[in-house]
Structure formats: structure tokens, C-alpha cells
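Worksheet for the structure shown next.
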Amino acid sequence: MSNNYEAVIGLEVHAQLSTASKMFCGCSAEFGGKPNTHVCPVCLGLPGALPVVNARAVEFAVRLGLATECTIRNESVFARKNYFYPDCPKNYQISQFDTPLCEHGRLSIENDAKQVRILRIHLEEDAGKLVHVDGADHSLVDMNRSGVPLVEIVSEPDIRTPEEASEYLQKLRSLVRYLGICDGNMEEGSLRCDVNLSVRKRGAKELGVKAEVKNLNSFKQVEQAIEFETERQTKLLESGGRVTQDTLLWDPAAKRAVVMRSKEEAHDYRYFPEPDLRVLRASGELIERVRGALPELPDAKHKRFVSQYGLPAYDADVLTGSAEVASYYEAVVAAGADSKAASNWLMGEVMRELNERKIDIAEFSIRPQALAELVTLQATGKVNSSTAKDVFKEMLASGKHAGAIVKERGLEQVSDDAAIEKEAIAVLDENPEEVKRYLGGKEQLLQFFVGQLMKRTRGKANPKVAAEIVTALLSERR
Amino acid sequence: MSLHELSIFDLRRRIAAGEVTPLEACDAALAQIEARDRDVHAFLDVHAAHARDSARNLMASGKGRSLPLGGIPVAIKDNMCVEGTPTTCGSRILGKYQPPYTATAVARLRDAGAIVIGKTNLDEFAMGSSTENSAFGPTRNPWDLSRAPGGSSGGSAAAVSAGMAAASLGSDTGGSIRQPAALCGVVGMKPTYGRVSRYGLVAFASSLDQIGPFARTVEDAALVLNVLCGKDERDATSASTPVPDFTAELGKSLKGVRIGVPWEFLGSHVDTSVRTAFDRTIDAAKKEGATVVEVALPNADFGLAAYYIVANAEASANLARFDGIRYGHRTPKAQALVETYSKTREEGFGREVKRRVLLGTYVLSAGYYDAYYRRAQQVRSLIISDFATAFERCDVVAMPTSPTPAFKLGDKTDDPILMYLNDVFTIPVNLAGLPGISVPCGLSPEALPIGLQLIGRAFDETTLLRAAAGMERVADFSRGAVAPLPKGARA
């Protein structure tokens, strides 16, 4: 593909708000449930039923608006978006149009090196779900999702590459989770992303004609779709063709986007202000209350982790990716563990364990205090690293404390020079050939002696001390 | 006087005293329906068994004697949901639909002891001014069976006029309570927008629709209003403004009340018989001490045009849900989705509804929104400020309710614009969200009732009702009368 072109990308992200009830009625907003059980006249769109705004959903949207440095409108307007589809019970969706709740914010990526501007964040209701029965001559519709609150986050076309898009999405997901407003689960559809993409000659100022790609259900698919669409449009332009303003549907199996509707077939949504609702007022008082209750956000936490704990940026990235992991980490350090050692443990053994068992840190059986004890045992040389890993496994299996396990099994590391020296002399005496070769210049054999020494001490020798003693003894034999 | 002719006030006094039982009151209304509704066709569905059960329950619990509307038979316009009974909106598209819930306004009446005796006829989805747009045949005016009762709440007006109910509920989007009240010789009131919950009222135009009562006296209307009004958590547009006792000032004279009349606006719109009755009543009010001042409503002439943009735009979305997918009529003739939509709606909706949905869709379309919808909203703002200016000089504004008395059935059905002109005096009131009431003020030379409309300040129904009661007192009309049996009636 020619490198003379660049992609110009904007993302539209829908995030399902994790409120207890729906956007405009009291029905449960929980995911799943037996079809058509979380329903009432309002979310079924029955004649005569009326919407009432869920104040909690408004507060959630304000949280996100503030966290992305948006301006929060004191007055915003709900609007009807008209289109006929069987998953849309009123045949219009209540959304926001020309006056959204939040506007003009930003989200930084690449360690603050790049800002992606956010055009708007608005509130709306989700649609129901069509269920297509194989071989049947009809489809079914489940209205449990109908009316679940959504925020739509629309970015400006500031993104240029699949990697930037992916990072923006990950940061957004981490943010909504920090804020406690969305579980961020792309597979279950609580976070959904549409890509708007056009290409233009590098250096060009004006935008090309864009296409929209829908139905992207993972970060990977977003990246793949951007690659695919960038290539498709570039080839089209290079061969003298023109991009048309189409809506495409991503086919994850075929890894390609197919045209869903052309510009001519595009809907005229005939937006107009929703007359069943009054103007949505977000008072200065509400905004300040929400601002005051905002948790520490990922970027701020990242900076603090670097400065307060002296961590490398990479460690801070990993640890602040989730608010729960970050607070676990801080509890481990608060319990006395060395900050870098604790970070290594968390990013290594702990996360491996979480991934293998597919659990969150909240469900992890070793609590911060207990992990701190283990980290400290190793950091102070009481056990060596391989023993520590065994102790970790034992902690997981038995639930016992590290100290108790070390004591019970006599695993305490031997750093006593005299005891190690005695064993080291024995090792050297038993391996005269190797000693000779070592002294002849094959210094890699040091590891062999240390290994033998560890074997004799059943792993309890401090490897660093052991290596020093063996080196000293060997030089005596020159 | 027979029970079915009694005002709510009198009937309540007798029920409270134990002289009349709720069941007797209910049976009197049902008997009158039996006697007159073959001719009038006010009702689409009579809930006789359920009504009598309710009456018996009120008697068994003893609450019938104490509740504010205990034992009062009421009729409900068939665009309000009553759980477990058909709600048709006068349309075929709802098929056999029965709502699983009851409208707040109806529930409030029931909680106050009223007995729902049935559902009344209307123009399909409340779109019309004669009740001739009902899919189930027109209602006839109880005063003259060859004439229309007005609309769209023609069934509710006729039911009260013919003594088939002591009161009824209508909905008023552009005059649909006040105009049929005028044409049927009863009192009909549209409260301030937001006074009465719209929850369970099948929407025509959400920003204009308001439920209100029909009764034969102003006092009765106030008694029903006392029960209807108040904040409903299920309707975000309902107001939390405190609800006073609306009967409190009804006894006060008209002395000192400033009545504003927009003489210029009345201009050429009004039929001579209506103008004569109107002028005579205004003069009588002056004699009782009212002050009459001229006010200007310079933008009211644009009301009709603005209304048919705003109302139809909202209706085009409100009626989108009738698509044959979840409830109501579904065409048996379609193979695919879009075809199901179009054939269901083609078969289910009548001509006037289709006309309005098309117009509403058009004015919201890309490229036309600013020219129509936005401009209509600007007109609306101008009309609101016209009224605000008028109310600096007066306490209530008076106008005829309708330019003519009841017209012949079929006279205006071929000319929508002519039909729309019926509402020229009532529509500006909906656009401004103000309370309005129609009070009978006289009879035409053909012995047809004529209505006088009073308009009040937002949420000042108290002053409006006081003035209305005064007008009722001075008007040349037999207060509280049931329509006399017309020629050709079968009873």
C-alpha cells in the first residue's frame, strides 16, 4: 500500500451505563435475564406510556464529561431520532441532538504526547435485541435491553492509526471503569465502537469522504477494520476511484467490511426535541458535587505512581490500568513491601494467576497484607526468588501465610557464610575436573558450582552469597 | 328531576346523605345510555357489569358516601388506557388491543370514587373536529341528530350532554374538549398544560395534549378537576404546582373581574348567531360588575398554521409505534418487514391520520425543518407573549369557543381546511399552554347551543373558574340542562 496517504479517524463509542434501572423507566437495566422480563409499558413503547429521566444516568454522564474535560451544558435537550426497526419499540429513539449534555473535551494518549479531542458525549436509550432463529420464517425480539441507558462518546477526527485508535479505546474503557459508570465489556456489548474513516494525501489539509464501519466487538476488530478500510480507500483513490459515503458492516470471520447502506439509502432521522421531556437541567451545584466526588483518574494516578513510588512508566501503566489493581498495589506497599519489588510481583506472578483463572483482583485470594509479607521475605533475602514462587503457590493452595509456610518447611534462606562455605568446599572437592577447567578459563562453570551448591542446600542458600563464596574459593585454588 | 339529570354536586349531596346509592346513580346512567345511545352513539364500549361491580364495592366499603366523587358515573374518551378493556383511539390499527395499565387521570377518578361506565367515541387518534373521523362511525349531536357533536372528544361531550354520564374526560390538543363542549351545550375545560398527567393518554401531540373534564356545570367541572390535577411522577411534563380547591371562589360575583376581548381577532371568523350570543353574554357580565377591555392577539391568526406543523410533526413520531409488530392490527398480506409496516399502516389508519402523519413527516425532513418546524415554534413563542401582554390588562380573555354552532354531519368532511377552521379560537390556547374553558352562553335561532370560551393565566384556574361560573350565571342558557330530546330521536 502506498504510504502517500494517511487515514483520518474518528470514533463513536457507545457505553452502557451500569445504573440499576433503565434510562426512562424503573425496569432493571441488568444484562441478560429471561427474554422480555425486564419490561414495562414505557420500555415496550406501549401507547400512552411516557419517559422519565433517570437522574443517576445523568450523573454518570456528567462524571464522564468532567473526567474528559468536557463543558457540561446546564441545559441540554433530548430529541427523537426517528427510524423504523423492530428492535425500536416506539420507532424512535430518545437521544440528544444539537444540544448534548457534554461537549468539547479531550482524552490524551501516548503518555500525554497526543490529545484526541472529544466532540460530544450525549445520553440516549439502547434498543432491544433481535433474535434470529435458524431456519424459522420469523425473528424474535427481546426488549430487556430496550431503554438501557447509553452514553455516546464522539471523538473529533484526530486519530491516525489503528494503534492510536486502540489506545484511545483502552484509555476510554479504563476511564469508564475508574468512574464506575460502565463495566467496559466489549464482548457483551456494554462498550461498542463505530469507526469513521477517510483517507487523504499526507500533508493535505482538507478531509476526504468518509465511510463508517459498524459492528466492531473487540479492540482487535477495531484495529483490523481500520487497516482494512484504510487500505480499501487508499487503493480506490490511487486507482482513480472515489470513496462514497457508505455505512459498512464489519464481518469478523472474513475480516472485511461490507456495504450495509449507501449514502442514498441513509436515513433521514428527522430529529426534533422530545416533547415528553422537559429541558434537561444540570445545575452548577450538581456539576460541582459530581466533580468533588470524582475518583483519582488514570492519568493522575500514573503520574503519582511514578513520582511517589519511583516506578518506571511501564510499571505505572500496567498497575494503573485498573483502579482495583492500583489500589491493591498501594495496599501491598502500605503493608511494608518495597515498591519496585511489589510491582514486579503484581505484574508477574499475580497477573499471570489472574489471567489463568480469568478472575478480577477483587476475587484474588491472597490479600495485599499477605502478599506484602512474601515480597518482604524475598526482598530481605530470607527466601530466594525460586523459593518465593513456591511459597506463593502454597499460599494460593492452602491460604496460609508466607512466614508460616517458610517456617514449617524449613525454607529459610541460608546466608550464613560459614555454612555456605562448608558446602562450597565440598562441591569443589567433589568436582576436580570442573575446577581445573574453570581455572583454565572456562568461567561459565561458576553457575555449575553454584547450582551444585544449591542442590546440597536444598535451595536455601542465598544465590548471591553463594556465588561470591564459590568465586573466592576458586581463586584460592589458582 | 331524574337521577341522570342531576349535577355532580346534587348527586353527591344525595349519595352522601344516603338518599341515593352509587348503584342507583350508576344504573340511571346505564339506563340513559340504553335509551339514547342508539341514536347518539357516544360510546364505543359500555362497561356495564364492571361499573355495577364498582358501585357495589363502593357501597360495601361505605366509601361511596365519603369519597369526593363517590358513586358518580363518568365516561372516558377512548384514547385513555383502562386496564383490561379495549382502547381503540377510534382507529382500526389498535385492533383488539387491551392496555395492561390504567391512565393516571382515570386512576385518580376511580380513587375518588367515580364509576367508569364506558369509553367514548372520538376522531381517530383525536385528529378532527367532528368525531366523523372515527373508524367506528360518527357520534351525533344530542341536540340535533343530523349534526356533529364537534370533536375530537365528541363522544365524551355528547355523553354528558345527553345525561348518559355526569361527567367525562376528554383530551384537548387544539380545542378537542372546548369545541365539542360548545357544540353540545356543556362545560368543557382544558387545564393548564402540565396540570393533569398525560400518562396513559395515547399521545397525539405531546406538547399540546391535555386531559380535562366535561360536566354540565362549572362547579361540577371544578369538582372533577380537584381530583384530576397534580404532579405525577410518571409524566415528566406534569407540574408540581400546588393544587388549590377549585370550587373555593365560584360563588364570587363578576364584580371587578377584568375581561379582555380580542375584538380584532374575532373579526370575520364568527357566525352571526355566535357573535350575537357572545356579545349579549359579555354585556350581561358588564352588568354584574365585570370590566371589559380590548386586548390584542396580533399573532393569533398564525396559530392555525403553526399548530398544524407542530402537532403533525409530533404526531408523525407518536404514531410511528403502530406498526403491526408488537400489538394491534397486523396486515395478513405482507411477506417482509417493510411491507408489514406499510400495509399495516395503510389498512389501519384512516385518511385524516395519514394526511397528518405525512405532513408531519414532511415538515421534519432534512432541509425543511427550519422553514417549518422551527418557524412554527417561533410563532408559538410570539403567541405566548401576546397572551402575556393581554394578561397585563385583564384577568381572563374571552372569545367564542367555535365560530359556528353545530354543523351538519358530512358538511365539512370533504374540506380539511374548512374543518380545521373550527379550532381557530381554541388552538392559540394550546400553543400557549394556558387553561381554557367553554361555557354554554345561549342558543342559536335553530336552538343549537353556543359556547363562550374563557382563557386564564397559566395555573390560575381558580380565577378562570370563578369568571366561568359568573358567565354561566349571567348567560341566557338553562344552567346544567341535559339536551332536550330532539326530533327524530327514538326514545
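The values are calculated or read from the model by the stated rules, or taken from the named source; none is laboratory data. Everything quoted here is computed from the prediction, not taken from an experiment. Every residue, glycine as well, gets a Cβ built from its backbone with ideal geometry; the counts of neighbours run over all protein chains shown.
Looking at B:ALA296, B:ALA315, B:ALA306, B:ALA290, can you tell me which residue is crowded, with 18+ Cβ neighbours inside 10 Å and either more than 24 Å from B:SER206 (Cα to Cα) or touching a Cys at 6+ places or on another chain (Cβ under 7 Å) (or both)?
After applying the criteria, what remains is B:ALA290.
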Open item on the list: Checking A:ALA379 against (1) surrounded by fewer than 17 Cβ atoms within 10 Å (Cβ to Cβ); (2) among the small types (Gly, Ala, Ser); (3) over 19 Å from A:GLY180 (Cα atoms), only one condition comes out false. Which one?
Closed with: (1)
Task: Wholly within region A:31-141, strands (runs of 3 or more DSSP E) carrying at least 2 residues that are within 30 Å of A:GLU164 (Cβ to Cβ) and of a type in the set (S, T, N, Q) - done: A:92-96
Task: Pairs, first at pLDDT 95 or above in region A:86-104, second buried (at least 24 other Cβ atoms within 10 Å of the Cβ) and of a type in the set (Phe, Trp, Tyr), C-beta under 6 Å, six or more apart - done: A:ILE94/A:PHE78; A:GLN96/A:PHE78
Task: For B:SER385: the one exception among (1) more than 28 Å from the chain's Cα centre (by Cα); (2) modelled with pLDDT of 95 or more; (3) not basic (Lys, Arg) - done: (1)
Open item on the list: For a quick check of your reading of the model, give me the residue pairs whose first member lies in region B:191-219 and is within 13 Å of chain A (Cβ to nearest Cβ) and crowded, with 24+ Cβ neighbours inside 10 Å, whose second is of a type in the set (Lys, Arg) and in a strand (DSSP E or B), with beta-carbon atoms closer than 6 Å and at least 6 apart or on different chains.
Closed with: B:GLN210/B:LYS190
Task: Selection count, region B:314-357, where residues are among the hydrophobic types (A, V, I, L, M, F, W, C), in contact (Cβ under 8 Å) with a residue 24 or more places away in the chain and within 13 Å of chain A (Cβ to nearest Cβ) - done: 5
Open item on the list: Given the options A:ASN185, A:ASN144, A:ASN196, name the one that is free of Cβ contacts under 8 Å to residues at least 12 places away in the same chain and under 28 Å from A:ARG63 (Cα atoms).
Closed with: A:ASN185
Open item on the list: Tell me yes or no: at least one residue of region B:55-67 is closer than 28 Å to B:TYR199 by Cα and without any contact (Cβ under 8 Å) to a residue 12 or more places away in the chain.
Closed with: yes
- [ ] Among the numbered conditions (1) within 26 Å of B:ALA317 (Cβ to Cβ); (2) away from chain A (no Cβ under 14 Å); (3) assigned to a loop (DSSP other than H, G, I, E, B), tell me where B:THR139 comes up short.
- [x] (1)
- [ ] Quick one: which helices (runs of 4 or more DSSP H) lie wholly within region A:379-478 and hold at least 3 residues that are over 29 Å from A:GLN369 (Cα atoms) and in contact with a helix residue (DSSP H, G or I) (Cβ under 8 Å, 6 or more places away or on another chain)?
- [x] A:417-430, A:432-439, A:446-456, A:463-476
- [ ] Could you figure out which of (1) at negative phi; (2) within 13 Å of another protein chain (Cβ to nearest Cβ); (3) out of contact with any Gly (no Cβ under 6 Å at 6 or more places or on another chain) isn't true of B:VAL20?
- [x] (2)
Open item on the list: Condition first: surrounded by fewer than 19 Cβ atoms within 10 Å (Cβ to Cβ) and more than 18 Å from B:PHE43 (Cα to Cα). Now tell me which residues in region B:88-100 satisfy that.
Closed with: B:PRO100
Open item on the list: Suppose we keep only residues that are surrounded by 12 or more Cβ atoms within 10 Å (Cβ to Cβ), aliphatic (A, V, I, L, M) and away from chain B (no Cβ under 14 Å) within region A:259-299. Which one would you say is nearest to the chain's Cα centre (by Cα)?
Closed with: A:LEU297
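Being among the basic types (Lys, Arg) and within 20 Å of A:GLY65 (Cα to Cα) is the filter here; which residues of region A:84-143 pass it?
Within region A:84-143, A:ARG106, A:LYS114, A:ARG117, A:ARG120 qualify.
Of the residues in region B:254-287, how many are outside any helix (DSSP H, G or I) and either at pLDDT below 95 or closer than 30 Å to B:GLY194 by Cβ (or both)?
Matching residues across region B:254-287 total 10.
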Open item on the list: Tell me which helices (runs of 4 or more DSSP H) are completely within region B:389-491 and hold 1 or more residues being closer than 15 Å to B:VAL257 by Cβ, or say none if there are none.
Closed with: B:461-474
Open item on the list: Please verify whether A:GLU206 is surrounded by fewer than 18 Cβ atoms within 10 Å (Cβ to Cβ), acidic (Asp, Glu) and free of Cβ contacts under 8 Å to residues at least 40 places away in the same chain, treating the condition exactly as stated.
Closed with: yes
TODO: Scan region B:77-127 for residues that are more than 14 Å from chain A (Cβ to nearest Cβ) and of a type in the set (Asp, Glu) and jot them down.
DONE: B:ASP111, B:ASP123
